[in-house]
Amino acid sequence: MPVESIQWKDNKVILIDQTRLPLDLIYLTIDDYQTLGTAIRRLQVRGAPAIGIAAAYGVVIGIQNFSDNDAKIKFFEQLEKIIGFLKSTRPTAVNLFWALDRMRKVAYQNQAANISTLKQKLLTEALQIHESDRETCRLIGEYGAELISVDMNILTHCNAGALATGGIGTALGIVYTAANQGKKIHVYADETRPLLQGSRLTTWELRQAGIDVTLNCDNMAAFLMQQNKIDIVIVGADRIARNGDTANKIGTYNLAVLAQQHQIPFYIAAPLSTFDFNIETGTEIPVEERAPIEITEGFGRRTAPDNIKVYNPAFDITPHLFITGFITEKGIITPPFQENLKNKA
């Protein structure tokens, strides 16, 4: 594993500040849930699985000062306040809500216990969420590596590696697994406008692991495909509807359309926790819109006129008809997605 993005140590959460990469490897040590929520909102920790893990630990640090002498009603009031705050940080990635709902469920299942026991149960659940993501990434890597042959060129978008998860990653976990199997592969990484997660994070992470990687601008993908330089596209996901419509970093839909036009397989690598079975289609997925400054003054330099109108959605929705399959911890799911997902969930 090239890097460990989240750690639990001495009752604190330790995160890599991903806004400082690739120039500086800085670790944040966080011991209060509000600071953790700010780190999620500011993208200091990002990636759907990683956000869920961080939020679970946020619940633990938010209630750790309670003792058995405190009123239990106050404990649960604080628990709900913490969960509500953390849920408000990012609207699109479903793993955030999934992890927090798991934490709430554990608390109420054990509400008859004393506060010390409740705190231990919540810590155990957060650690389990983290550990299960490590195993999930490993399995996604193994299933996905079956699709990868020697000398294959893989195009990916944004960052779906160890930085975005609690393990080796989803899309990049497949790359690492294939490389460990001795397959010679090459990765093209979209820079991923406007915050350059591909340029800043994916290329950095792959170089840490010794993987051959080439950085390209987002608008070069079509030309790469036209030149027969791409064999497969593998990306991650932030939320997947019951019919297979997928929310991922803005620019993913572009790649899916291009891949279909050039007859290139387009796969989503994601754990089953990223599937939202409560919604039918992608039209129901909330899409986060971020601050205009990310485009007009990206990384501190003004590149647009003052007072210009800006549209800055952080994600787009790829219709399921453009997706070849989903690589999950329970295997590869192919169309018809809604029917085949029932057998995996």
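The values are calculated or read from the model by the stated rules, or taken from the named source; none is laboratory data. As the structure is a computational prediction, the values presented were derived from the model and not from experiment. Heads up, the Cβs are rebuilt from the backbone with ideal geometry, glycines too, and the neighbour counts pull from every protein chain shown.
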Practice item. For the range 85-97, state whether one or more residues are under 21 Å from P286 (Cβ atoms), small (G, A, S) and in contact (Cβ under 8 Å) with a residue 60 or more places away in the chain. Key: yes
Point to revise | Selection from the range 64-80 of residues that are part of a helix (DSSP H, G or I) and surrounded by 14 or more Cβ atoms within 10 Å (Cβ to Cβ) | key: K72, F75, F76, Q78, L79
**Study point:** Members of the range 86-97 that are surrounded by fewer than 18 Cβ atoms within 10 Å (Cβ to Cβ) and of a type in the set (K, R)
**Key:** K87
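To keep it simple, each residue is scored yes or no on (1) in contact (Cβ under 8 Å) with a residue 60 or more places away in the chain; (2) over 18 Å from G169 (Cβ atoms); (3) in contact with a strand residue (DSSP E or B) (Cβ under 9 Å, 6 or more places away or on another chain).
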residue	(1), (2), (3)
R200	yes, no, no
W204	yes, no, no
D212	no, no, yes
A221	yes, yes, yes
Q226	no, yes, no
I230	yes, yes, yes
I234	yes, no, yes
Y253	yes, yes, yes
A259	yes, yes, yes
Practice item. Name the residue, out of P305, P286, that is under 24 Å from the mean Cα position of the chain (by Cα) and outside any helix (DSSP H, G or I). Key: P286
Check your understanding: Is there any pair linking a residue in the range 1-25 that is without any contact (Cβ under 8 Å) to a residue 12 or more places away in the chain to one that is outside any strand (DSSP E or B) and β-branched (V, I, T), with Cβ under 8 Å and at least six apart or on different chains, and which?
Key -> R20/I26
**Study point:** Candidate set: the range 78-112, residues that are modelled with pLDDT under 95 and of a type in the set (G, A, S); chosen: the one farthest from S67 (Cα to Cα)
**Key:** A93
Review point. Within the range 178-189, can one find any residue that is part of a helix (DSSP H, G or I), out of contact with any Leu (no Cβ under 8 Å at 6 or more places or on another chain) and surrounded by fewer than 24 Cβ atoms within 10 Å (Cβ to Cβ)?
Key: yes
Review point. Within the set of pairs 6 or more residues apart or between chains, which connect a residue that is free of Cβ contacts under 8 Å to residues at least 24 places away in the same chain and within 14 Å of A145 (Cβ to Cβ) inside the range 175-194 to a residue that is surrounded by fewer than 18 Cβ atoms within 10 Å (Cβ to Cβ) and hydrophobic (A, V, I, L, M, F, W, C) with Cβ atoms less than 9 Å apart?
Key: G182/V150
Check your understanding: Got a sec? Which of I53, I83, I61 is in contact with a His (Cβ under 6 Å, 6 or more places away or on another chain) and either surrounded by 18 or more Cβ atoms within 10 Å (Cβ to Cβ) or part of a helix (DSSP H, G or I) (or both)?
Key -> I53
Practice item. Output the residues belonging to the range 65-77 that are under 15 Å from R104 (Cα atoms) and either within 27 Å of the chain's Cα centre (by Cα) or acidic (D, E) (or both). Key: E77
Exercise for review: Being in a loop (DSSP other than H, G, I, E, B) and within 18 Å of the chain's Cα centre (by Cα) is the filter; apply it to the range 113-161 and report the residue that is farthest from I83 (Cα to Cα).
Suggested key: H157
Check your understanding: Going by the conditions given, is A160 assigned by TED's automatic domain parsing to the domain that holds K330, in contact with a strand residue (DSSP E or B) (Cβ under 6 Å, 6 or more places away or on another chain) and either more than 30 Å from F266 (Cα to Cα) or surrounded by 22 or more Cβ atoms within 10 Å (Cβ to Cβ) (or both)?
Key -> yes
Exercise for review: Return the only residue of I332, I293, I317 being within 25 Å of D101 (Cβ to Cβ) and out of contact with any Pro (no Cβ under 9 Å at 6 or more places or on another chain).
Suggested key: I317
Study note, to complete from the structure: Selection from the range 253-310 of residues of a type in the set (F, W, Y), modelled with pLDDT of 95 or more and surrounded by fewer than 21 Cβ atoms within 10 Å (Cβ to Cβ) yields Y253
Practice item. Output the number of the condition that L206 fails; it satisfies all remaining conditions of (1) of a type outside the set (G, A, S); (2) closer than 19 Å to K183 by Cβ; (3) touching a Phe, Trp or Tyr at 6+ places or on another chain (Cβ under 7 Å); (4) surrounded by 22 or more Cβ atoms within 10 Å (Cβ to Cβ). Key: (3)
Review point. If we scan the range 269-280, do we find a residue that is out of contact with any Lys or Arg (no Cβ under 6 Å at 6 or more places or on another chain), in contact (Cβ under 8 Å) with a residue 40 or more places away in the chain, hydroxyl-bearing (S, T, Y) and farther than 26 Å from Q128 by Cα?
Key: no
Practice item. Determine which single condition E125 fails, assuming it passes every other condition in (1) assigned by TED's automatic domain parsing to the domain that holds T246; (2) acidic (D, E); (3) crowded, with 18+ Cβ neighbours inside 10 Å. Key: (1)
